[in-house]
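What follows is a single structure, written as structure tokens, with notes after it.
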Amino acid sequence: MNDTDTRPHAPSAPPPLIGLTGRRKKGSAIAGFPAPLEAADVDLYFADYARGILAAGGVPVYLTPDIDAEAAVSRLDGLLLTGGADLDPALYGAASETDLYPPEPARDRYEIALLEAAYARDLPVLGICRGIQLLDVHAGGSLHQHVPSHACFDLHPGTRVHEVRTLPGTRLRELYGERIEVNSLHHQTLDRVAPGWVVSAVADDGTVEGIEASDRDVVAVQWHPEMLDTRDGDPVFRWLVDAARRRLAAGVAR
């Protein structure tokens, strides 16, 4: 008797595709590039974001700014807004107070277009560092432009330097529990939190370290979970991939 099950099986669901933002530089900004390539455009992406998505079961997709934002988002299941240069303070009606990390207006415009396309398709969105700042500013918030006490760039990026308290009833409380020790690799912080955002995590000095939307799957943190030694099990990457997977399971077409 042959006990082999020959009945057809339903195909397993494909892993969700998560778009990751990066930044564009000239070859001249990268040490070791030969002179003939100094004028070439180079797209840069920190691999640890992709590794966090992979560990959570998703497929990371690097988003070059040459792709139309709506066309790119139409093929995605989720979006991760990554860290990087300061936002142009003109976006929140302010003059520049620092040139430490000069704004990249083209990146600002592209990521805003990606975000608006993601909102239109109800994609889950995760913002990290610059990402939380972009989400807040896009909605009408503003930033403290230079907070040296938070700029721990002289330490290993995985060094946990302060504690963050999550607020009751928020997604971050569900994901992390009441308190978490985090790293700090930013010199700008949220000032005016835009209407519609729920503050979900704060540092002991009152700095807003997490926000989330109450009416859609959008979560953002100021620290860098992708650079901690817990990256491959970090719940915020799992949250993003799981939210994208639920969207796929609901039959929402790309």
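None of the figures in this text is laboratory data; all of them are computed from the coordinates on show. These numbers come from a predicted model, not from an experiment. Positions of Cβ are backbone-derived with ideal geometry, glycine not excepted, and every protein chain shown enters the neighbour counts.
What to note about this one:
- Based on Cα contacts under 8 Å between residues 6+ apart, segment 48-149 shows a relative contact order of 34 percent.
- Mean projection area, nm², convex hull over Cα of the chain: 18.0
- Once the gyration tensor of the Cα atoms in segment 115-208 is diagonalised, the equivalent ellipsoid follows with semi-axes of 22, 17, 13 Å, ordered largest first.
- Computed from the Cβ-Cβ distance with R0 of 22 Å, the FRET efficiency linking I112 to S28 stands at 0.20.
- Peptides 50-56, 220-226 ranked from most to least packed, by the mean per-residue count of other Cβ atoms within 10 Å: 220-226, 50-56.
- When the Cα positions of Q222, A194, G177 are compared along the charge dipole of segment 172-254, A194 comes out farthest toward the positive end, with charges on each C-beta of Lys, Arg, Asp and Glu.
- With R₀ set to 22 Å, the beta-carbon distance separating E70 from A13 gives a calculated FRET efficiency near 0.35.
- For segment 150-254, the extents of the C-alpha atoms along the principal axes are 47, 32, 24 Å, listed from largest to smallest.
- Under the criterion of Cα pairs below 8 Å and six or more residues apart, the relative contact order for segment 160-254 equals 25 percent.
- Mean residue ellipticity at 222 nm, helices only, the chain: -7000 deg cm²/dmol; runs of at least 4 DSSP H residues each add -39,500 (n - 2.57), and the sum is divided by the number of residues.
- Antiparallel content of DSSP bridges confined to the chain, in %, to 5: 60
- The chain - percent relative contact order, Cα under 8 Å, separation 6 or more: 21
- Going from the fewest other Cβ atoms within 10 Å to the most, the residues T189, T21 appear in the order T189, T21.
- Overall form of segment 79-126 per C-alpha gyration tensor (a/c, 1.5; a/b vs b/c): prolate
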